[in-house]
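The values are calculated or read from the model by the stated rules, or taken from the named source; none is laboratory data. This is a predicted model, so every value here is computed, not measured. Here the Cβ positions follow ideal geometry from the backbone for every residue, glycine too, while neighbour counts run over all protein chains shown. Ligands, DNA and RNA are stripped out before the accessible areas are found, and what is left, the full protein with its side chains, is counted by its heavy atoms. Shrake-Rupley method; radii C 1.70, N 1.55, O 1.52, S 1.80 Å.
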Amino acid sequence: MSQNNRNPFTIAQAQFDEAAETLGLEPAMRELLRWPRREYKFTIPVKMDDGSTEIFHGYRVQYNDARGPCKGGLRWHVEETMDTVRALAAWMTWKTSVVDIPLGGGKGGVTCNPKNLSDGEKERLARGWMRVMARELGFDRDVPAPDVYTTPQIMAWMMDEYEVITGRSHPAVITGKPLPLGGSQGRNDATARGGVLCVGYACKRLDIDPTGTYAVQGFGNAGQFAATLHRELLGGGKLVAVSDTSGAIHCPDGIDPEAIVAHKNKTGKVLGFPGSKEIDADSLLELDVGILYPAALENVINRQNAPNIKAKIVCELANGPTTPNGDRILHEKGVHVIPDFLANAGGVTVSYFEQVQNHANYYWSLEEVHTKLDYHMSRAYDAVHEMHDEQKVHMRQAAYLVAVSRVAEAVKLRGWL
Ligand code: NAD
């Protein structure tokens, strides 16, 4: 596959084009929805601890706000580019639509390696990003949140900077905040919880036993919670392999999810877990497991390895883990793919709950959050599965048909076209 075909935004547009064709969208609607409405690219000077000043490159893409204010996370990553941000912003637009919450889609980030930044440098970078973007954000315009390598603490610094600039209390300007600053109960595991719930709904419909084997690729926020919640929510299951950037481990007899999370937290990596065998990181994806959770980054399932994938269900907690060629092969093999913008929509759904609670200045119990999340995720999963059955299309295409038609309807109702 050429490098261009691996460009996430080229992939996001190709996926959209396929849905637009099936829906028979008019040319102007297609052009409007295959591009971001607004983009910001800027530089952020940051005073480093050694007295030097480093210039970082920052981004924000407001992809579409027809259904409500833009919503989407901030990723701090060495390989962050405008096209990655565009793709993630497009997927956010379809994600908020598929779970039917009154928000649009956006995304942002900074090209940097957070592992090389001190806490002081991270704080100055967070505040610097907010100083550039503050005028373009707001609960009624665009609301950022955490993504890869950004944390509740970074959200707290950004909210504080926004409030210093505006001179008002504005907790709903950003979500994923720490609990004492207006965060929501249940936000930390919401992405994984939503994905695991979807696996449960899929297993029921497809008559698959959820208590068989499962593997998790990527062992950060989403991956670690998927490992523990799978057993908790689905009544059992044997975790047999996990991976992170250090490598992958395999235990055919099963890995205790809590123990591997504790090992990762203590040592910073999954390798070296007692009783495990190190395997090639890529081969984790091809293990003979019932359920596979890709929870790292883009393009890991592709034309080369898709023919070897043995899982019955692939639950895409990561954004864009499967290339279009990989997708086609999985579909032909009969693998049930729960597509990224449905599988990982639990995070944005609880972010939306956080905004609602901030507006009301009244906070819900954890049980209330869990019940409401289950309600939104099950309605979204059912809508997509029914589209998949009715239109005889694969699950990603079905999710696009549901999501894109809702955004197109909002565009029409607003009279933009
Ligand atoms: P994170 O930074 O907490 O974790 C990422 C993990 O992936 C790390 O453990 C890292 O070591 C691992 N990793 C990176 N490259 C890898 C590779 N090649 N092989 C194996 N492991 C690798 O990030 P996260 O918040 O868990 O996000 C993971 C994915 O889920 C991303 O695609 C993100 O966009 C998506 N997502 C996260 C959330 C959320 O709320 N956290 C919400 C929606 C989507």
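Data overview
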quantity	calculated
Solvent accessible area, Å² - F219, 1.4 Å probe, full protein context	10 Å²
Extended-chain gain in nm, criterion 0.36 nm per residue less alpha-carbon gap, D209 and L271	19.4 nm
Ratio Rg/Rh, restricted to the range 190-343 and using Cα atoms, in which Rh is the Kirkwood radius	0.93
Label-point separation in nm, V132 to T53, each point 7 Å along Cα→Cβ	1.4 nm
Centroid-to-centroid separation of the range 237-295 and the range 307-323 [C-alpha atoms, Å]	16 Å
For I279, residues with placed amide H under 5 Å, excluding near neighbours	A248, I249, H250
Per-residue SASA entry for R379, accessible area with 1.4 Å probe, Å² rounded to 10	110 Å²
Antiparallel bridges, percent of DSSP beta bridges restricted to the chain (to nearest 5)	50 percent
Charge dipole (debye, nearest 20) of the range 190-343; +1 at Cβ of Lys and Arg, -1 at Cβ of Asp and Glu	180 debye
Dipole magnitude (debye, nearest 20) for the range 302-369, charges at Cβ of Lys, Arg, Asp, Glu	500 debye
Mean separation of Cα contacts under 8 Å, 6 or more apart, over the residue count of the range 190-343: relative contact order %	23 percent
Within the chain, helix-based [θ] at 222 nm, where runs of 4 or more DSSP H residues each add -39,500 (n - 2.57), nearest 500	-14500 deg cm²/dmol
Listed residue (T322, L285, L342) projecting farthest to the positive dipole end of the range 190-343, Cβ model	L342
Amide hydrogen neighbours beyond the local backbone of D142, cut-off 5 Å, H modeled	C70
Note, ³J(HN,Hα) from phi for the range 240-253, Karplus 6.51, -1.76, 1.60, rounded to Hz, x at Gly and Pro	10, 7, 9, 8, 8, 5, 7, x, 10, 10, 9, 9, x, 7
Per residue accessible area in Å² of the range 76-189, where ligands, DNA and RNA are left out and the probe is 1.4 Å	36 Å²
Percentage relative contact order, the range 1-77, counting C-alpha pairs under 8 Å, at least six apart	21 percent
Relative contact order, percent, the range 20-161 [alpha-carbon distance under 8 Å, six or more residues apart]	26 percent
Normalised convex hull volume, the chain, alpha-carbon set, Å³ per residue	139 Å³
Count of lysine pairs in the range 190-343 with Cα separation under 17 Å (8 or more residues apart, or interchain)	8
